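The values are calculated or read from the model by the stated rules, or taken from the named source; none is laboratory data. Computed from a prediction, not measured in an experiment: that's the story for all the values here. Here Cβ is always computed from backbone atoms with ideal geometry, including for glycine, and neighbour counts include all displayed protein chains. Protein only, heavy atoms only, side chains kept; ligands, DNA and RNA dropped before computing areas. Shrake-Rupley method; radii C 1.70, N 1.55, O 1.52, S 1.80 Å.
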Amino acid sequence: MLVMTNAEIARVFERIALILDLQGENPFRIRAYERAATLLENFPKDLRQIHAQGGIPALRELSGIGEDLAAKIEEMLKTEKLGFLEKLEKKVPRGLLQIMEIEGIGPKRTKQLWQKFTITEIEDLKTLARSGKIEKLPGWGEKSVQNLLRGIEQRSRVKGRLPIAAAEVLAERILAGLR
């Protein structure tokens, strides 16, 4: 049986924070997920061990992990997925999550473009950026649009490559399966 690693759980919390930010959720709630992700990304002890030794109460002893986050960690450790994230992802177009992965465009700018131009795909964003309409929005300028186009181009070049952190997680899962 394959199991979720600390890094995978951290990535789930990062994704939740991005989606909540995109939806304009409470900033304190967003920061709670971001802090949890930061904590868990490089946490020295395996969350599976902590959970096995003491369940949710043991997870709650970690700095910044309350009842809600501890229950979510437990769900991921037991099922390798998180129902809360699946529900959140259904509330936003999938393409928006891909747009947020582009260098230099975060949740706020993605939300702005989504609301103003109903952009939900990277190709549509590329066309819009070349049209000159984005530059007229508050907070955008010619340089911002050029950086956006550069980010889109860079994303398309490295699309087939895997970041080292993601490759490490896959390698750990393969090793766990082989063991």
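List of remarks:
- Listed residue (W140, T110, G83) projecting farthest to the positive dipole end of region 57-179, Cβ model: W140
- Protein accessible area in region 71-151, 1.4 Å probe - carbon and sulfur %: 47
- Lysine pair count for region 35-134 [Cα-Cα under 20 Å; pairs on different chains or 8 or more apart]: 22
- Annotation: per residue accessible area for the chain equals 60 Å², rounded to a whole number [probe 1.4 Å, protein chains only].
- The alpha carbon centroids of region 14-80 and region 103-149 are separated by 32 Å.
- Calculated mean residue ellipticity at 222 nm for the chain: -22000 deg cm²/dmol, from DSSP H runs with n ≥ 4 weighted as -39500 (n - 2.57), summed, divided by the residue count and rounded to 500.
- Taking all protein chains together and rolling a 1.4 Å probe, E123 ends up with roughly 110 Å² accessible.
- Rolling a 1.4 Å probe over the protein heavy atoms leaves W114 with an accessible area of roughly 70 Å².
- Whole-number D in µm²/s for the chain (Stokes-Einstein; Kirkwood sum over Cα pairs; 4 °C, 1.567 mPa s): 72
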